[in-house]
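Data first, discussion second: the structure below is written as structure tokens.
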Amino acid sequence: MADRRIASTTRPAPAAFTVLRLCWAAYLLYLGVQALRSARRGSPVPESPDGAQPSGRYAYLRGFLTNLVDPKMVTFAVASLPRFVGRGLGCVPLQFAILGAIFVAFGVLADGTVGLTAGRPGTWLSRRRLARQAADAGSGTVMVALAGRLVLER
């Protein structure tokens, strides 16, 4: 009897995962096609009319929201953090809080390093048409291929 209840409660998860996977594949396909179109056109990178850079606050909020809605971040946190929590080791919410803080600290360290060091190559790429076209074509091809793999995955 208990086995039937467990089986009936887990049925929606595969369907929801399939819908999420197909939506993600459609989004990747869209991004890949846009990158390939950009590579074909060879259009310049749009710059702000006044040459102003976005504020640090805007960049932080955009990155925060991107991570908040990114399914791989949520999946990684939900799948990995509980593995390191033990009921016999003390207060479970405190363990989650500490592990979450460590996870965030490593994320800030890694993403901050990338963010601080990506400016110079990004400026170089934006000034060289062929390099920008090659980067767009390469990333577009990878995104289209990944979208195809997601669609064909079972």
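Looking at (1) within 26 Å of Gln34 (Cα to Cα); (2) out of contact with any Leu (no Cβ under 6 Å at 6 or more places or on another chain); (3) aliphatic (A, V, I, L, M), can you tell me which one Met143 breaks?
(2)
On the given criteria, is Leu20 at pLDDT 80 or above and surrounded by 12 or more Cβ atoms within 10 Å (Cβ to Cβ)?
Numbers: at pLDDT 80 or above: yes; surrounded by 12 or more Cβ atoms within 10 Å (Cβ to Cβ): yes.
For Leu20, the condition - at pLDDT 80 or above and surrounded by 12 or more Cβ atoms within 10 Å (Cβ to Cβ) - is met.
Take the residues in the stretch 34-58 that are surrounded by 11 or more Cβ atoms within 10 Å (Cβ to Cβ) and at pLDDT below 65, then tell me which one is farthest from the chain's Cα centre (by Cα).
Ser43
So, restricting to helices (runs of 4 or more DSSP H) that lie completely within the stretch 71-154, which ones have at least 1 residues that are β-branched (Val, Ile, Thr), within 20 Å of the chain's Cα centre (by Cα) and surrounded by 12 or more Cβ atoms within 10 Å (Cβ to Cβ)?
71-80, 92-117, 129-152
The values are calculated or read from the model by the stated rules, or taken from the named source; none is laboratory data. The shown structure was predicted, so the numbers you read here are calculated from the model rather than taken from an experiment. With ideal geometry, Cβ positions are generated from the backbone for all residues, glycine too; neighbour counts draw on all protein chains shown.
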